[in-house]
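Here's the structure we're looking at; comments come further down.
The values are calculated or read from the model by the stated rules, or taken from the named source; none is laboratory data. Treat the numbers as computed from the prediction; the structure is a model and nothing was measured. As a convention, Cβ positions derive from the backbone with ideal geometry for all residues, glycine included, and neighbour counts pool all protein chains shown. Surface accessibility is based on the protein's heavy atoms, side chains included, excluding ligands, DNA and RNA. Shrake-Rupley method; radii C 1.70, N 1.55, O 1.52, S 1.80 Å.
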Amino acid sequence: MDHEYKNESDAIKVTPTASNGAMHHEIAGLHHAGKAWEAREPYGPAGFRGLFSNHYVALCAAFATIGGLLFGYDQGVISVTLVMNQFLDRFPRVSETASGAGFWKGLMTAMLELGALVGALFAGYLADRISRKYSIVVAVIIFTIGSVLQTAAMDYAMLTVGRFIGGVGIGMLAMISPLYISEIAPPEIRGALLVLQEFSIVLGIVIAFWTTFGTRFMAGEWSWRLPFLIQMIPGLILGAGITFLPFSPRWLSSKGRDDEALQALAKLRGLPTDNSLVYTEWCEIRAEVAFQQEVNAERHPQLQAPTRANRIKLEIVQWTDLFKRGCWKRTMVGCGVMFFQQLVGINALIYYSPSLFATLGQGYEMRLILSGVLNVTQLVGVATSLWTMDRFGRRPLLLVGAGLMFISHLIIAVLVGKFGGRWADYSAEGWVAVTFLFIYMFSFGATWGPVPWALPSEIFPSSLRAKGVALSTCSNWLNNFIVGLITPPLVQNTGYGAYTFFAVFCLLAFAFTYFFVPETAGRSLEQMDEVFKDVSSEAEEARKTRIEHEIMEGKRSTGVVA
């Protein structure tokens with residue numbers, strides 16, 4: 001938009017007309033020196049401080065992150081459960097003394113990730129079709145079914161199927177919740193709000209760990225059934241409460257419901273619909289939708305007739321659009337950061353931290369306590385990113401985090417390789433290794449924990465955002481599944497090799513970030529073309545400018561997308 005507002009008072013004047021019941025916007029005081037977003041005033045302070053001046057949107061985002069809480073809880077609940085005698089009596093196949101226990105333990109643990117992979121793929125379609133918030137309701141229903149099966153599990157097969165079904169719901173929630181948050185957030189605090197997602201994930205892990213740490217003292221099978229039962233409570237609260245939250249203005253606009261999008265945006269910003277900041281953002285959203293619709297019509301002209309067959313074909317080819325010009329760089333960044341988030345070793349520590357502490361010479365009780373404190377350390381790290389994400393940006397956090405994690409893994413690998421199996425004689429060295437595990441966990445929580453969840457939901461164009469986030473999340477779950485499967489035998493058979501393996505990927509994560517990941521902090525979702533510089537032709541730039549002019553002047557509305 002080649003428009004610049006001098007101040008709020010002369011930006012726009014909104015005048016209702018009776019011709020069609022709509023509102024025509026009379027644009028005054030516009031200049032062509034720069035784009036509107038370059039001159040637009042922020043809604044409030046950036047970062048953590050901005051949460052207190054955008055109360056309603058912060059509350060909506062915080063409620064949506066209950067999905068992250070469920071994700072973290074379902075991941076963390078298995079950690080102590082795997083070493084409970086009551087659990088092992090019911091499922092002897094995962095006992096340390098059983099033949100092939102490492103594989104069966106890894107399969108049961110990783111089945112959650114496999115289900116989540118399926119859920120994330122399905123959620124991309126559902127979020128576009130029935131809205132972000134109603135697809136969260138569907139995810140909660142599926143998650144609850146899986147929780148019931150896990151709670152009532154009588155054999156290994158039933159428990160594994162329950163974890164798979166619960167994983168489908170978890171995968172949907174882990175994809176849709178940050179997508180919804182990114183689409184309702186003002187750019188100044190989007191990073192801080194997306195950090196709430198990772199904070200909720202880690203909080204869920206902490207709650208699950210200390211819940212099972214306490215219930216292990218209960219006699220009988222309720223020691224492990226009760227933690228599975230508890231996770232249904234926040235799920236039901238989320239499913240019921242999300243229906244009262246506003247729709248995503250960007251989803252409404254993509255469906256041609258522009259007036260509703262303006263109302264939802266004004267409500268989220270706590271400002272009237274005729275406020276210049278709200279109006280400008282609304283026009284940016286509509287211009288991005290209209291631009292993507294034109295591009296889509298040119299790219300797939302044979303699929304524009306409103307038939308069921310065309311809708312199915314269009315749904316399929318839009319997935320391939322993620323790998324074409326104008327989007328492939330974003331797909332590489334989204335999938336890449338999610339790939340490295342898992343391959344730096346975080347979930348190996350979450351799932352198997354008691355076993356890892358055993359390799360460092362710690363006794364049974366101390367292993368459990370240290371595992372719980374380790375998760376709290378990650379939570380503290382995530383809390384710092386509420387302030388740092390928008391202040392310093394995504395890219396610096398990723399670079400610093402990868403460097404610190406590499407150093408931590410490398411030192412632990414050296415210590416385990418040199419003193420492993422002789423910790424009774426080298427207790428000081430064992431505690432040094434434990435210390436660097438804590439440094440690693442804090443570093444991850446402050447950097448690679450929240451940033452990979454934020455980036456995919458920011459970088460994709462509106463027409464492909466749900467699918468782009470879904471594909472990126474699938475990258476997370478696929479690699480999460482692989483890590484969950486290979487870690488037990490890796491730790492059992494190689495010792496220091498596990499830490500060396502993850503150290504190499506920390507180094508690769510640093511290189512990937514340095515060469516490929518751009519900075520997105522402070523930019524609106526509609527500015528990502530500028531960030532990635534992938535709308536390169538003069539013709540496309542001219543088209544975007546034309547569409548933005550038409551929308552700002554009230555000469556165009558976005559069409560309806562079925």
Only four residue types carry charge here, +1 at the Cβ of Lys and Arg and -1 at the Cβ of Asp and Glu. Report the dipole size of the chain about the Cα centre in Debye, rounded to the nearest 20. 1000
Violations at 22 Å Cα threshold for listed pairs 133/467; 324/467; 133/255; 255/544; 133/533; 255/533 -> 133/533; 255/533
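By average Cβ neighbour count within 10 Å, what is the ranking of 177-183, 128-134, 270-276, 409-415 from highest down? Don't skip to the answer; put the middle values down first.
Details: 177-183: 28.4, 128-134: 18.3, 270-276: 16.3, 409-415: 21.1.
Ranked from most to least packed, the peptides come out as 177-183, 409-415, 128-134, 270-276.
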Ranking 550, 198 from most to least accessible area with a 1.4 Å probe gives 550, 198
Once phi for every residue in region 266-273 is put through the Karplus expression 6.51 cos²θ - 1.76 cosθ + 1.60 (θ = phi - 60°), the whole-Hz ³J(HN,Hα) values, with Gly and Pro written as x, are 4, 5, 5, 8, x, 9, x, 5
Which whole-Hz ³J(HN,Hα) couplings does region 520-525 yield from phi under the Karplus relation 6.51 cos²θ - 1.76 cosθ + 1.60, θ = phi - 60°, glycine and proline marked x? 10, 4, x, 9, 6, 5
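Quick check: from the Cα gyration tensor, does region 48-245 come out rounded (a/c under 1.5), prolate or oblate? Can you show the working numbers first?
Numbers: a/c = 2.37, a/b = 1.86, b/c = 1.27.
Because a/c hits 1.5 or more and a/b exceeds b/c, region 48-245 counts as prolate.
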The answer for the chain, accessible area per residue at 1.4 Å probe in Å², is 37
What is the extension gain from residue 380 to residue 221, computed as 0.36 nm multiplied by their sequence separation minus the C-alpha to C-alpha distance, in nm to one decimal? 54.0 nm
How big is D for region 325-522, in µm² s⁻¹ as a whole number, if Stokes-Einstein is applied with the Kirkwood radius of its Cα pairs at 37 °C and 0.692 mPa s? 191
Cα Rg, Dmax (largest Cα-Cα span) when computed across region 447-512, Å: 15.0, 47
Quickly estimate the mean residue ellipticity at 222 nm for the chain, helices only: each DSSP H run with n ≥ 4 gives -39500 (n - 2.57), and the total goes over all residues, rounded to 500. -23500 deg cm²/dmol
Counting only protein heavy atoms with a 1.4 Å probe and every protein chain in place, the carbon and sulfur fraction of the accessible surface of the chain in whole percent equals 66
Taking the Cα-to-Cβ direction at residue 154 and at residue 62 and moving 7 Å from each Cα, how far apart do the two end points lie in nm? 4.4
Sort out for me the Cα centre separation of region 455-504 from region 270-307, rounded to whole Å. 33
For the chain, take the longest principal axis of its alpha carbons; what is the angle in degrees between that and the long axis of helix 232-241, to the nearest 10 within 0 to 90? 10
Dipole of region 325-522 [Lys/Arg +1, Asp/Glu -1 at C-beta], most positive-end residue of 511, 420, 362: 511
Where only alpha carbons of region 356-411 are counted, the Rg and the Dmax (Å): 14.6, 42
